[in-house]
Number of protein chains: 2
Amino acid sequence: MDLIFGVCPVRPQLPAVGVRVGVGEVHLVGSAMKDLSPGDLVIPSPLSSGTWQTYIVKDQSVWQKMDKNSPIEYAATISINPPTALRMLEDFASLEPRDSIVQNGARSMVGRCLIQIAKSHGIHSINIIRDRVGSDEAKEALKKLGAKEVFTESQLEIKNVKSLLGDLKDPALGLNRTSGNAASLVMKFFRLDKSMVTYGGMSKKPITVSTSYFIFKDLSLRGFWLHNWMSSNDVTGCKRMIDHLLELVPDGKLKYEYTELVSFSDFHIALDKSLGKLGSHPKQVLKF
Amino acid sequence: MDLIFGVCPVRPQLPAVGVRVGVGEVHLVGSAMKDLSPGDLVIPSPLSSGTWQTYIVKDQSVWQKMDKNSPIEYAATISINPPTALRMLEDFASLEPRDSIVQNGARSMVGRCLIQIAKSHGIHSINIIRDRVGSDEAKEALKKLGAKEVFTESQLEIKNVKSLLGDLKDPALGLNRTSGNAASLVMKFFRLDKSMVTYGGMSKKPITVSTSYFIFKDLSLRGFWLHNWMSSNDVTGCKRMIDHLLELVPDGKLKYEYTELVSFSDFHIALDKSLGKLGSHPKQVLKF
């Protein structure tokens, strides 16, 4: 959606067909095609724009065949938020079971994926949410998903936040979706030699850091954007990651909640509207 | 001096003897000593506190024998600022000849070491200094040392700072001594996938960064503190680095200027005053 709103620095040439996710059914294949047959279900992998149309014609290499047992609503949305969570967990720190991570924006889709994927790796998540009506219910919901601790921002306005952690290890990695003060709250948990990875700026405020964090605590601030990761990684690696994430679903290790299914359903309806024009490559036609 | 002012988070047990640099002359050695003889000149390496006394008794392993041809004023001050500059240049980016770096606080001791060591590696330095009386003379002085470009902060308050660089490559690394707005000026030169290393906060202001730098430009912010580096690196590596730096001096590739020699001379006088008490290890006695 960032692409449509124009907040994403990648600007497709116009006119363009939007949306990068979805599940397609193979409709027709060229005579040279061996790996896919009509009726197979596929997702675009690695991500590429243009699923918001009824028919797509593209080379077989950009499609990943789906196991027909994967729930279609998960397959259709597996390619952005869950990989963002997985990559941030795996690529910025060497996490072991019983290590901790700390994140803000924990109610977001990526936030909830992080909680669940961390838990499936035996990693404890410390979660920060905004002070809002319903935050007690939100805490319960996140704990049900596997969150180890959930705090509202105001609960962390104390000097020694680590006193809230009991026996939990100091977090080894921080994830920042919110920026502004909520980023400072993540860093408040750090002792020595830690990284905070920024993947969103929902507060629309910058990140402000005291110099001493860098010099004396050896803090490292990094960023993550799936688009960049996909551009610099091989297609096989992307496909293997998607398979791994889809395997978490039948075991209940990765699940969405009611509210997301509603928005997924809205989105699915949108997918049925043809806003683009047909491509011209004869090798493969997908029906969405 | 940070130790004496109490701004350094390392707190020695009191009473303590200050200062970590200096050149000592070996006065007496134990009978088992083979590597050092009376009359040899040594520096404490790796850095350890307590050179501000007339006699020191410590194990031979903490002393590095000096080539007698090394100018004593350089040897006595080689252990903090030049290694800080060298490590930041070598440990945070893979720099090749003709690459560029950008730094603020360029008039500082580390800043001038950076200019010279970068030049000795064939690397171009882009330097930022404060707007002060005498900044034209400062620009000239830094260019004489090897600076490729020198700008005052106010010169960089334009939209496209890269238009000032002519044929120079976009800087591959930023070094931040000042923080506050001067850190933002360093980052203004960055395109994709760059690191800024903070080693000082002279403005006493924090570093403020827009979220988009992390996500879309893949900015990485790190910190450097020589104390941490020394603690996590082997003694042989430290000694080799000091030798390498001292070798730059006779060729004129690393030099201090008049103002530093004045402060060195003050410091040298201070070294002659015994403020501590003698240690008790009989293996080696140094006279400062």
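Quick one: Cα centre-to-centre distance for region A:139-171 and region A:55-114, in angstrom?
24
Roughly how big is chain A's charge dipole about its Cα centre, with Cβ charges of +1 (Lys, Arg) and -1 (Asp, Glu), in debye to the nearest 20?
Dipole size: approximately 480 debye.
Please identify the helices of chain A, taking whole runs of DSSP H, that span at least 18 Å along their own axis as judged from the Cα atoms and have a mean Kyte-Doolittle score of -1.0 or higher.
A:235-248, A:258-272
Output the direction-averaged projected area (hull surface divided by four) of the convex hull of the alpha-carbon atoms of region B:183-255, in nm².
Average of the hull's projected areas for region B:183-255 equals 7.2 nm².
Take every Cα-Cα pair in region A:1-97 and report what % of them are more than 17 Å apart.
Distances greater than 17 Å cover 60 percent of the Cα pairs.
How many percent of Cα pairs in region A:40-83 exceed 16 Å?
Values: 343 of 946 pairs.
In whole percent, the share of Cα-Cα pairs in region A:40-83 beyond 16 Å is 36.
Kindly provide the pair-distance distribution of region B:103-171 built from C-alpha pairs, with 5 Å bins from 0 and whole-percent values in order of increasing distance.
Here the calculated profile for region B:103-171 is 3, 18, 29, 26, 17, 6, 0.
Once you've got the Cα coordinates, tell me which of B:Lys144/B:Lys255; A:Lys143/A:Lys255; A:Lys139/A:Lys205 are over 20 Å apart.
In this structure, A:Lys139/A:Lys205 lie more than 20 Å apart at Cα.
Kindly work out what percent of the DSSP beta bridges joining two residues of chain A are antiparallel, to the nearest 5. Before the final figure, lay out each step's value.
Details: 12 of 31 bridges.
Restricted to chain A, the bridges split so that about 40 percent are antiparallel.
Could you run the numbers on buried accessible area between A and B, total for both chains, 1.4 angstrom probe, in Å² to the nearest 100? Spell out each step's value before the answer.
On the way: alone 14900 and 14890 Å², together 27770 Å².
Approximately 2000 Å², summed over both chains.
Placing a label point 7 Å from Cα toward Cβ, how far apart in nm is B:Lys162 from its equivalents in the other copies, listed shortest first to one decimal?
Spacings between copies for this position, smallest first, are 4.2 nm.
If the label for A:Met202 sits 7 angstrom from Cα along the Cα-to-Cβ line, what are its distances to the same label in every other copy, in nm to one decimal, shortest first?
Once sorted, the set of distances for A:Met202 reads 4.1 nm.
Compute log10 of I(q)/I(0) for the protein assembly as shown with the Debye formula, placing one identical point scatterer on every Cα and leaving out solvent, at q = 0.07, 0.10 Å⁻¹, to two decimals.
At q = 0.07, 0.10 Å⁻¹ the computed log10 ratios are -0.55, -0.95.
Using a Gaussian network model on chain B with a 10 Å cutoff between Cα atoms, which of B:Trp229, B:Trp63, B:Trp52 fluctuates the most?
B:Trp229
If you average the alpha carbon positions of region B:15-53 and of region B:214-248, how far apart do those two centres end up, in angstrom?
24
Kirkwood Rh and Cα-based Rg: tell me the resulting Rg over Rh for chain B, rounded to two decimals.
1.01
Counting each DSSP H run of 4 or more residues in chain B as -39500 (n - 2.57), what helix-only mean residue ellipticity at 222 nm follows after dividing by all residues, to the nearest 500 deg cm²/dmol?
-8500 deg cm²/dmol
Average partner chain C-beta neighbours within 10 Å, per residue of B:196-204? Let's see the in-between values first.
Working: counts 2, 2, 7, 3, 3, 6, 1, 1, 2.
The per-residue average across the peptide is 3.
Tell me, what is the percent relative contact order of chain B, built from C-alpha pairs under 8 Å that lie six or more residues apart?
Relative contact order comes out at 27 percent.
Kirkwood Rh over Cα pairs of region B:142-219 into Stokes-Einstein at 37 °C, 0.692 mPa s: D in µm²/s? Can you show the working numbers first?
Numbers: Rh = 13.4 Å.
For the chosen part, D equals 245 µm²/s.
List the relative contact order of region A:102-163 as a percent without decimals, with contacts defined as Cα pairs under 8 Å and 6+ residues apart.
34
Among the DSSP beta bridges whose two residues both lie in the protein assembly as shown, what percent are antiparallel, rounded to the nearest 5?
Among the beta bridges of the protein assembly as shown, antiparallel pairing accounts for roughly 40 percent.
Could you tell me, in Å, what Rg and Dmax come out for the Cα atoms of region B:43-145?
That works out to 16.8, 49 Å for Rg and Dmax.
Just A:Thr236, A:Thr211, A:Thr84 to compare: in a GNM of chain A, with alpha carbon springs under 10 Å, which one fluctuates most?
A:Thr211
I'd like to know how region A:51-210 sits against the 2.2 N^0.38 Å rule of thumb: what's its Cα Rg over that expected value?
Normalised Cα radius of gyration, region A:51-210: 1.15.
Quantify, in whole percent, the carbon and sulfur part of the accessible surface of chain A (1.4 Å probe; protein heavy atoms only).
Looking at chain A in its full context, I get 52 percent from C and S.
Distances from B:Arg132 to the same position in the other copies: list them in nm, one decimal, shortest first, using label points 7 Å from Cα along Cα→Cβ.
4.9
Could you run the Karplus curve 6.51 cos²θ - 1.76 cosθ + 1.60 with θ = phi - 60° over region B:192-204 and give me ³J(HN,Hα) per residue in whole Hz, x for Gly and Pro?
Going residue by residue, I get 9, 6, 10, 10, 10, 10, 9, 10, x, x, 4, 6, 6 Hz, with x marking Gly and Pro.
The values are calculated or read from the model by the stated rules, or taken from the named source; none is laboratory data. Values in this document were obtained by computation on a predicted structure and should not be read as measured data. Ideal geometry is used to build each Cβ from the backbone, glycine not excepted, and the neighbour counts take in all protein chains shown. Accessible surface is based on the protein model in full, side chains and every heavy atom, while ligands, DNA and RNA are left aside. Shrake-Rupley method; radii C 1.70, N 1.55, O 1.52, S 1.80 Å.
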